[in-house]
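Below is one structure; the comments refer to it alone.
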Amino acid sequence: MKLRVATYNIHKGVTGIRGRPRIHDVRMALDAIDADIVFLQEVQDRNERLASQPGYPLSGTQLDFLATGAYAHRAYGMNAIYPHGHHGNAILSRHRIIDFTNHDISDHILEKRGLLHAVVRFGRGKGREVHLICVHFGLIKRSRLRQATFLADFVQREVPAKAPLIIAGDFNDWQQRVDGLLRDRLGVDEVGGAAESATPDRGVLDWLLPWRTASDTQAGVARTFPSFAPWLTLDRIYVRGFQILEMQVPKGLAWARCSDHAPLIAELEL
């Protein structure tokens, strides 16, 4: 069974110094990506200050707005809470989410971070269960390493060794320290590196054409930040129990308008 997954830090649905609402653009981006499962970071599910601004959804939550019409199942993990709202990680899925929990992995008071764990079931009845973990690690190297250790401990303790697993998010790991830790302890593959041996499917570009994007398809490269000229590999997708068919990072002005990160997209086969 093939599966398209994406991870996307949406920067709370705003861009620029003044925080111009871009949530409509983000929803259009998700429509263009057309993934079966989307891992989102910095979802500002509630913001009373933005709610009164032109162009911001007037009813429901940010996550409701992004999921409308495309994703029947969702999970949200609230990480940071403030007087006018809150934000965190989220998972949107076209397959049934049967369970999810959020874990606080904050390393210090200035950076509220979380690990959102969900289990989806493919097919009817018992079907096949796949474990999903959405993360957003800290900006400080020591924090990231401690958070990666927590993640590895959690997977080894809570996820069956033979269960298919997808870990995705914003790892802030430009120094490639977390990458080695996760590979060694969990036996996972990262889609950027593993795509080197995959056979490209040119059809993947077809569903990006409405936005007339260029796409970074070079083997082993998944540069996603900053979106206007990506050169840092901050966003990752790690998998276990999947064959990696292709990896894409769409680029272009339309994507740069949405967030400071570009999305990372992968075609997988269970």
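The values are calculated or read from the model by the stated rules, or taken from the named source; none is laboratory data. Please read these numbers as outputs of a predicted model, since none were measured by experiment. Calculation scope for accessible area: heavy atoms of the full protein, side chains included, ligands and nucleic acids excluded. Shrake-Rupley method; radii C 1.70, N 1.55, O 1.52, S 1.80 Å.
Carbon and sulfur: what percent of the range 86-182's accessible surface (1.4 Å probe)?
Carbon plus sulfur share of accessible area: 52 percent.
Sort Trp255, Trp174, Trp231 by accessible area with a 1.4 Å probe, largest first.
Values: Trp255 0, Trp174 105, Trp231 160 Å².
These residues rank, largest area first, as Trp231, Trp174, Trp255.
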- Query: Between the range 234-259 and the range 163-190, what is the C-alpha centre distance in whole Å?
  - Reply: 15 Å
